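The values are calculated or read from the model by the stated rules, or taken from the named source; none is laboratory data. The structure presented is a predicted model; accordingly, all values stated were derived computationally and were not measured. Cβ placement follows ideal geometry from the backbone for every residue including glycine, while neighbour counts extend to all protein chains displayed.
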Amino acid sequence: MEGRGSHRFLQVDEGIPGRGLFRAEDVVKMEGHSRGPHPSPWRGAMRPSKHSMQGRVCLVTGATSGIGKALALRLAERGATVVLVARNREKGEAVRAELQQRTGNPSIDLVLMDLSSTESIHQGVADFQRCYPRLHVLVNQAGLVQSQRTVTAEGLETMFATNYLAYFTLTNLLLPQLKAAAPARILNVTGGIEAAGSIDFDDLQGEQRFSWSRALAQSKLADVLFTYELARRLEGTGVTCNALNPGGVKTGLGKGAGGVPELFMKLGSLFFADAEKAAERFVHPLVAPELVQVSGCYFGPDGRTLAKSSARSHDEAVARRLWDVSTRLARLPVARAA
Ligand SMILES: NC(=O)c1ccc[n+]([C@@H]2O[C@H](COP(=O)([O-])OP(=O)(O)OC[C@H]3O[C@@H](n4cnc5c(N)ncnc54)[C@H](OP(=O)(O)O)[C@@H]3O)[C@@H](O)[C@H]2O)c1
């Protein structure tokens, strides 16, 4: 790990002196929790926070199912203008109608993007920017798991493209709107499997060696590396960036994936949390006023406890290299990225 002393944003379990810095303990104090000797992300209070989000524009990817749909509901019921990202218009319209009906909030919009395609993301962002000069909350969380390797129209391995590169591309393209709305928040949904991941720069797309778990873990580790690197780059802008590990949640994830991942999700769902209940916790980092300056953090499934991500996720040299590779893959002008 390099240059740790220069960080001014929060890193879990690290006390880094500096002005404007929030440490893990500070956040816990603000929340009124005691961490105890072995803080576990699966423990902790689950007090719903009902902070109003009126006047805030929130964009949620993967909003047609599972965690994304449930988070969109939680934001909509707090009065936010919620822009749902969907790849399928019919499905997106159905969710929009359902959320409007359930929350009585008419300000729910839809933008179409296939997040496995950088071209589609560029197009969708242009559509969004025509209507919204500001974005207060961005939730990157659309994702998938596949048992077999497939490639996108742009030749990228599908989990890499959707679970990670889409987060990178969408976020960088939306930074002008996020900065214009500051204070603004970005939340990247990752998964505990990041701890098993490594970034294989010689075979990022799994052409030489592929396994579903390796590709999934790499994509989720990339999300965390991206979160920390972006938080460093956004320091002083009023835009924060954090990651969330949702833990096990009963959703559509793994359906149709075949093989072990489908079986794993099927069996796991017997024990997993209900998505709508879980989203009441996941929404916390997006709405809690006391977290407005907290950046570069990894929240556990209760949305409050700061969990510890893998040692690899803190490797700044890897994060910078991944950033450079991703900038090229996302077809972003180098000067534009963050
Ligand atoms: N569920 C868990 O236990 C769990 C655990 C750890 C991490 N996570 C993470 O949580 C996130 C959400 O997953 P979930 O469990 O809510 O799964 P889900 O119910 O399957 O939802 C996935 C969402 O992503 C969308 N999506 C997938 N590929 C897309 C693409 N190319 N373009 C646009 N949208 C696309 C899906 O759209 P369609 O409706 O069109 O398919 C759907 O809305 C993922 O990043 C996942 O890795 C979940």
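Is it fair to say residue 80 is closer than 30 Å to residue 272 by Cα, near the ligand (Cβ under 9 Å from one of its atoms) and hydrophobic (A, V, I, L, M, F, W, C)? Here the answer is no, as residue 80 does not meet what is asked. If you filter segment 241-272 down to residues that are touching a Leu at 6+ places or on another chain (Cβ under 7 Å) and farther than 15 Å from residue 147 by Cβ, you find that the one that is nearest to the ligand (Cβ to nearest atom) is 244. Return the residues of segment 95-111 that are in contact with a Ser or Thr (Cβ under 8 Å, 6 or more places away or on another chain) and either at positive phi or within 14 Å of the ligand (Cβ to nearest atom) (or both); say none if nothing qualifies. 95, the sole residue that qualifies.
A quick yes/no check of all residues on (1) acidic (Asp, Glu); (2) free of Cβ contacts under 8 Å to residues at least 40 places away in the same chain; (3) farther than 18 Å from residue 167 by Cβ:
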{"site": "71", "(1), (2), (3)": "no, no, no"}
{"site": "74", "(1), (2), (3)": "no, no, yes"}
{"site": "89", "(1), (2), (3)": "no, yes, yes"}
{"site": "107", "(1), (2), (3)": "no, yes, yes"}
{"site": "110", "(1), (2), (3)": "no, yes, yes"}
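Filtering segment 219-230 for residues that are more than 17 Å from residue 168 (Cβ to Cβ) and touching a strand residue (DSSP E or B) at 6+ places or on another chain (Cβ under 7 Å) leaves an empty set. Evaluation of residue 296 against the conditions (1) more than 15 Å from the ligand (Cβ to nearest atom); (2) of a type outside the set (Phe, Trp, Tyr); (3) in contact with a strand residue (DSSP E or B) (Cβ under 9 Å, 6 or more places away or on another chain); (4) modelled with pLDDT under 95 shows that the sole unmet condition is (4). Within segment 28-73, the set of residues being charged (D, E, K, R) and at pLDDT 50 or above comprises 50, 56, 69. Selection of segment 162-195 for residues being part of a helix (DSSP H, G or I), free of Cβ contacts under 8 Å to residues at least 60 places away in the same chain and among the small types (Gly, Ala, Ser) yields 180, 192. Flag not set for residue 127, criterion: part of a loop (DSSP other than H, G, I, E, B) and without any contact (Cβ under 8 Å) to a residue 40 or more places away in the chain.
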